[in-house]
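Below you'll find the structure, written out as structure tokens, and then a few comments.
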Amino acid sequence: MSLKKLLTLIVCMAVMAIAVSCKKQNKETVKIGAIFAVTGGASFLGAPEAKTVQMLQDEINAAGGIDGKNIEVIIKDSAGKPENAISFAKQLIDENKVFAIIGPSTSGESMKIKSICDDAKVILVSCAAAESIVNPISKYVFKTPQKDSDAAQMILNLMKKKGITKIGVVSSNDGFGAEGKKQLEKLAPGAGVQILISEVYDKKATDLTGVLTKIKAKNVQAVVNWSIVPAQSIIAKNMKQLNMNVPLFQSHGFGNIKYVKEAGEAAEGIIFPCGRLLIVDELADSHPQKQVLAKYKKDYEGKYAEDASTFGGHAYDALMILVEAMKRGGSDKEKTRDALENLKGFAGTGGVFNYSPADHTGLDINGFELLTVRGGKFVKYEDK
């Protein structure tokens, strides 16, 4: 081959390489917004949620994206403040032109932006628990955590079985606490349970002995605490200090081993409903969630060298459910919304999701297991 022909061949190959490179760089991208409390008092929710979607974004794109399109998750740190969530929701919709939004981390934030998303016809898949996020139904608003009413009902079912009829309820003064308190008060009579006293405390409280002293004076048979950190650990330690030898039930917000470590010995025996991520090793291989839970736990802990939590799992479900709907609906937002609303049998970390026009949570009481703390670890609760 002559030098001239060789040079011509090299130039042609270089041009082709540049063209391929440009094609890859110009690959169409679908933008998805995410609003998480990465910092601030609710960072125990938002930090693992953000890490989870970053991990999934890389996995999805490495596997070819969605119908050949990469996804770009634009994460906004709300620090758990509703006013930040409002601002970011508008920014993601108006400036970033996102296809959909996942999050926020908290119920209060989600309640503040649901109408913004609904009015803009942008799908919102919340990672917060309050049923009021999706009840009444908003056309474009969905959520992934299990229902507060199902969590309350599971607790009350066990109380009925154990003959517990008189209880005290304590809850934090935020959206999550208010929703749990409402559901307990609504459902308790049906289980033959009487709430003798109900106390609301500051969610930032560092000592709850005053509240618990009032509860103790009522001679209750059990205490239910509905809150997020730091009160979950504080309530357990304060009850031990006051020698309150009655069962402590926590909400499904207790699903992080960090809270057990913070409470120390006082955490022993706490009972709470939760998703199955925390007991994945106890599940039979045939369980419909086993594979997804085991993979998520292995991938997350391998990448970040920290325990996977149910909160990160809510974000996992939000993004993967959205991706599944996008595969079915393509680039059409309305078709994707319709596909999400009719998604059935989707195994996620929180349960097997079955959405419908009348149910934008997609989970029932079977999304929960009753867990307890034994030897500083989470195990499946077994009534003796």
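Could you tell me whether any residue of the range 345-367 is hydroxyl-bearing (S, T, Y), closer than 30 Å to E72 by Cα and part of a helix (DSSP H, G or I)? Walk me through how you get there before you give the answer.
If we filter the range 345-367 for residues that are hydroxyl-bearing (S, T, Y), which is where we start, we get 349, 355-356, 361.
Right, trim to closer than 30 Å to E72 by Cα and you get 349, 355-356, 361.
Next, only the ones that are part of a helix (DSSP H, G or I) stay: none.
No, that holds for no residue.
If you take the residues in the range 114-140 that are within 17 Å of the chain's Cα centre (by Cα) and under 28 Å from G190 (Cβ atoms), which one is surrounded by the most Cβ atoms within 10 Å (Cβ to Cβ)?
S126
Evaluate the range 305-324: report whether one residue or more is in contact (Cβ under 8 Å) with a residue 12 or more places away in the chain and surrounded by fewer than 13 Cβ atoms within 10 Å (Cβ to Cβ).
The answer is no, given that none of the residues of the range 305-324 is in contact (Cβ under 8 Å) with a residue 12 or more places away in the chain and surrounded by fewer than 13 Cβ atoms within 10 Å (Cβ to Cβ).
Quick grid of which residues meet (1) assigned to a helix (DSSP H, G or I); (2) at pLDDT 95 or above:
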| position | (1), (2) |
| --- | --- |
| T8 | yes, no |
| M16 | yes, no |
| A19 | yes, no |
| K23 | yes, no |
| K51 | yes, yes |
| Q57 | yes, yes |
| I60 | yes, yes |
| I74 | no, yes |
| A89 | yes, yes |
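Is one or more of the residues making up the range 193-207 in contact with a His (Cβ under 7 Å, 6 or more places away or on another chain) and either under 21 Å from G275 (Cβ atoms) or crowded, with 16+ Cβ neighbours inside 10 Å (or both)? Lay out the reasoning, then the answer.
So the first thing to find is which residues in the range 193-207 are in contact with a His (Cβ under 7 Å, 6 or more places away or on another chain), and the list is none.
No: the range 193-207 contains no residue that is in contact with a His (Cβ under 7 Å, 6 or more places away or on another chain) and either under 21 Å from G275 (Cβ atoms) or crowded, with 16+ Cβ neighbours inside 10 Å (or both).
Among V373, V379, which is outside any helix (DSSP H, G or I), loosely packed, with under 14 Cβ neighbours inside 10 Å and among the hydrophobic types (A, V, I, L, M, F, W, C)?
That would be V379, the only listed residue that is outside any helix (DSSP H, G or I), loosely packed, with under 14 Cβ neighbours inside 10 Å and among the hydrophobic types (A, V, I, L, M, F, W, C).
Might you let me know whether the range 197-205 holds any residue that is assigned to a helix (DSSP H, G or I), modelled with pLDDT of 95 or more, on the phi < 0 side of the Ramachandran plot and of a type in the set (D, E, K, R)?
From the range 197-205, those assigned to a helix (DSSP H, G or I) are none; that's our starting set.
The answer is no; no qualifying residue exists.
Test of understanding: among I215, I235, I228, which residue is outside any helix (DSSP H, G or I) and of a type outside the set (K, R)?
On the way: I215 fails: outside any helix (DSSP H, G or I); I235 fails: outside any helix (DSSP H, G or I).
Answer to the selection: I228.
Can you name the number of the only condition in (1) of a type outside the set (A, V, I, L, M, F, W, C); (2) surrounded by 22 or more Cβ atoms within 10 Å (Cβ to Cβ); (3) under 23 Å from L187 (Cα atoms) that N256 fails?
In the conditions (1) of a type outside the set (A, V, I, L, M, F, W, C); (2) surrounded by 22 or more Cβ atoms within 10 Å (Cβ to Cβ); (3) under 23 Å from L187 (Cα atoms), N256 misses (3) alone.
The values are calculated or read from the model by the stated rules, or taken from the named source; none is laboratory data. What you see is a predicted model; the values in this text were computed from it and never measured. In this analysis, Cβ positions are derived from the backbone assuming ideal geometry, glycine residues included, and neighbour counts consider all displayed protein chains.
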